[in-house]
1. If the requirement is being at pLDDT 95 or above and touching a strand residue (DSSP E or B) at 6+ places or on another chain (Cβ under 8 Å), which of these qualifies: Leu178, Leu125?
2. Select from the stretch 347-375 the residues that are in contact with a Phe, Trp or Tyr (Cβ under 6 Å, 6 or more places away or on another chain) and farther than 24 Å from Val86 by Cα and write down the one among them that is nearest to the ligand (Cβ to nearest atom).
3. Are any of the residues in the stretch 72-83 crowded, with 17+ Cβ neighbours inside 10 Å, farther than 30 Å from Thr457 by Cα, in contact with a helix residue (DSSP H, G or I) (Cβ under 7 Å, 6 or more places away or on another chain) and modelled with pLDDT of 95 or more?
4. For the stretch 341-365, which residues satisfy the criterion of being of a type in the set (A, V, I, L, M) and surrounded by fewer than 18 Cβ atoms within 10 Å (Cβ to Cβ)?
5. Of everything in the stretch 417-466, what is within 22 Å of the chain's Cα centre (by Cα), part of a loop (DSSP other than H, G, I, E, B) and more than 30 Å from Lys194 (Cα to Cα)? Give them in sequence order.
6. Could you figure out which of (1) assigned to a loop (DSSP other than H, G, I, E, B); (2) more than 20 Å from Pro346 (Cα to Cα); (3) within 12 Å of the ligand (Cβ to nearest atom) isn't true of Leu303?
7. Filter the stretch 264-295 down to the residues that are more than 16 Å from the ligand (Cβ to nearest atom), crowded, with 22+ Cβ neighbours inside 10 Å, under 21 Å from Arg451 (Cβ atoms) and among the polar types (S, T, N, Q) and list them by number.
8. If I filter the stretch 338-379 down to residues being assigned to a loop (DSSP other than H, G, I, E, B) and of a type in the set (Ser, Thr, Tyr), which single residue comes out as farthest from Val410 (Cα to Cα)?
Amino acid sequence: MSIVRPVAFRLLQTNKTCLSATFSGIRHASTTTNLKDFLADEIPQKQKEVIEFRKQYGNTKVGEITVDMMYGGMRGIKGLVTETSVLDPEEGIRFRGYSIPECQKLLPTAGGKGEELLPEGLFWLLVTGEVPSQAQADAITHEWNKRASVPNHVINMLNDFPSNLHPMSQFSAAITALNSESKFAKAYAEGVHKSKYWEYVYEDSMDLIAKLPTLAAIIYRNLYRDGSTPCAIDPKKDWSQNFAHMLGYEDPDFSELMRMYLTIHSDHEGGNVSAHTTHLVGSALSDPYLSFSAGINGLAGPLHGLANQEVLVWLTKLQKELGGEVSDQQLHDFIWNTLKSGQVVPGYGHAVLRKTDPRYTCQREFALKHLPNDPLFKLVSQIYKIVPDILLEQGKAKNPWPNVDAHSGVLLQYFNLREMNYYTVLFGVSRALGCMASLIWDRALGLPIERPKSFDTPGLKKLVAK
Ligand code: AMX
């Protein structure tokens, strides 16, 4: 049975933000550096737009549902609205209308410290739909640095976990336990009016994102280093650089890798397991910590985020069996053996994409710049030339091309972050940006509890007979 992956749609844009964000229509209208002020201004307009849109087109049919879709992981069912990004099968992800190469040209970088995009700027774009100025991205850095402290009970819990508990389980449990800090849960318990929900979800989202690097660094240092406390947040450093330093990596190029990594893994429209789960759990008005930890549990599945770990496990097995230099024929046989033993080739295929993932290409470009002669990079490039033809020959996978996870591990290995079981935690830190940006808008638009209709097979047979 395939995994759940319905299609998400962006709403029609307002006049102010129309032009579908092609390069000629770059949107950066606002000057405020306060994201909450921006939202307070924007939300009433967007609410009005949605009400009018639904009034006019609420009964308009936008698609059909087949029996195969119902048994087949809801693939292709148009069933969600997600504002932050849209995934085109041929072209890949567009964050609020902007492709990754367009973002690379438009969004703020760390200035003198590096050329890669700041995830803070991408977050501003995801939330607002506008390309931020440097001052707006820097304001997010400032906010997150201020909100980063983690309560002692969570630190103690992490320190008490056994070393055989997977880093993703630790990460998810720590995020759940952080809900002691939830401003939304507190306000709800005190009877806050529903029109104010988004304000508390915003506060929790900003706190949660700010705290994730510290949680992730504690897990890393406990499992793979001496268990010492991560260094303190430095207000002069950006989110990624602080994270890199807390992990114990001082190389400026590693901070660059983190900036790129944390930007490109952030969002992939609304139907993927981690985003959809966060949205679903949030629809029950579970607070952002509970909602996102549920999403993290989905990300921990090998068909979703854990694929980045799986790729490295698979590559390590390949190197152990075949040695250093491998011929195309040896690779060909190894890949076929993987398929014949009933396993997937990790890092290849996708539920929506039908071309090479631009996030793969972006990481390949980073590798060409920073590690062009790395043997593992060369192996990954060699595999890229061989796997698609084999998957096509096998004739099952609808997309034979690599996804984001085929390339991330090789970059981390190069910088000596070799603990592959940890890789999905990095994905999780980044995924919070998209999930939280969407959750703020879910509550701002008053989206209700999610409850699709399900059938049993006899019921479905009756329905079909009609
Ligand atoms: N290797 C071998 N077989 C594959 C394959 C791959 N990389 N990708 C798809 N297939 C198989 C499926 O298992 C399925 O087989 P079945 O008919 O026996 O069940 C068949 O091809 C049809 O699958 P599909 O419609 O092309 O894919 P899907 O939408 O059901 O699943 C995905 C998508 C990503 C789960 C699948 O391509 C896969 O398992 N890839 C490997 C794992 C991976 O890289 N996951 C990460 C995805 C990105 C992410 O979320 N981080």
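The values are calculated or read from the model by the stated rules, or taken from the named source; none is laboratory data. Bear in mind the structure is a predicted one, so any value in this text is a computation, not a measurement. In this analysis, Cβ positions are derived from the backbone assuming ideal geometry, glycine residues included, and neighbour counts consider all displayed protein chains.
1. Numbers: Leu178 fails: touching a strand residue (DSSP E or B) at 6+ places or on another chain (Cβ under 8 Å).
Matching residue, one of Leu178, Leu125: Leu125.
2. So the residue we want is Ala367.
3. Checking the stretch 72-83: at least one residue is crowded, with 17+ Cβ neighbours inside 10 Å, farther than 30 Å from Thr457 by Cα, in contact with a helix residue (DSSP H, G or I) (Cβ under 7 Å, 6 or more places away or on another chain) and modelled with pLDDT of 95 or more.
4. First, the residues of the stretch 341-365 that are of a type in the set (A, V, I, L, M): 344-345, 351-353.
Listed by number, the list holds a single entry, Val344.
5. Scanning the stretch 417-466 gives Leu417, Arg418, Glu419.
6. That leaves (2) as the condition not met.
7. If the condition is that a residue be more than 16 Å from the ligand (Cβ to nearest atom), crowded, with 22+ Cβ neighbours inside 10 Å, under 21 Å from Arg451 (Cβ atoms) and among the polar types (S, T, N, Q), then Ser291 is the only one that fits.
8. First pass over the stretch 338-379, keeping only residues assigned to a loop (DSSP other than H, G, I, E, B): 341-347, 349-357, 371-374.
If we keep only those that are of a type in the set (Ser, Thr, Tyr) as well, we get 341, 356.
On the way: Ser341: 25, Thr356: 17 Å.
Once the filter is applied, the top-ranked residue is Ser341.
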